[in-house]
Amino acid sequence: MAIIVSPLRLFHQMVAARQPERIVSLLSPENEFPRADGHDDTHLRIHFNDIVEDHPGKLAPQHHHVEDIIAFLREWKRENPLFIHCFAGISRSTATAMIAAAIHNPETAEIQIARAMRSASPTAQPNIRIVGFADDILGRGGRLRAAAERLGKDSFLSDEAIPFEIPSIYPVG
């Protein structure tokens, strides 16, 4: 099954078209979460700003946020797609997509996941703080963070991503 990434603006369209098994919404505290009928128990909603360092008046992603994300992603059975969105579909959501792929492919090289993401989206630029916490929690020894950093260096700037998907299963390597 696929891991789908999208901006908030296309939330309802993507949910209707793809019928995801689980939904992850990652928005800033000033944004309201969208609702999807039938997904009350399968929709994770977390507020934090898309920043990589602490800033006064902003809520940076915290270790406990990523622990919650990982616990939720581990429950995905891959019977239907996983749908992840943030405001633009560029940073918070792509970090979470990398984490989902890493969780469900513990023996796959992290760079392989990053390459699949780059092939699917030229705008993907995973939030390094989120990926760094996940790297620690998942015991990836810095490899997941390094792959995300490399991915970020290759991306080009955009205000909003075009929805894309990556596989949930990769060959070992």
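Taken together, the values in this text are just the output of simple stated rules run on the coordinates, not laboratory data. Please read all numbers here as calculations on a predicted model, not as lab measurements. Here the Cβ is made from the backbone with ideal geometry for all residues, glycine too, and neighbour counts use every protein chain on show.
Values as computed for the structure displayed
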{"read-out": "Sum of -39500 (n - 2.57) over DSSP H runs of 4+, divided by residues of the chain (222 nm, nearest 500)", "value": "-11500 deg cm²/dmol"}
{"read-out": "Qualifying GluC sites (Glu not before Pro) in region 70-160, DSSP loop, other Cβ atoms within 10 Å at most 16", "value": "Glu75, Glu79, Glu107, Glu160"}
{"read-out": "Label point distance in nm, Asp37-Glu79, each placed 7 Å from Cα along Cα→Cβ", "value": "2.0 nm"}
{"read-out": "Residue among Gly57, Gly132, Gly141 with the largest mean-square fluctuation in a Gaussian network model of the chain, springs linking Cα atoms under 10 Å", "value": "Gly57"}
{"read-out": "Overall form of region 2-167 per C-alpha gyration tensor (a/c, 1.5; a/b vs b/c)", "value": "rounded"}
{"read-out": "GNM flexibility winner over the chain from Pro106, Pro122, Pro163 (Cα, springs under 10 Å)", "value": "Pro106"}
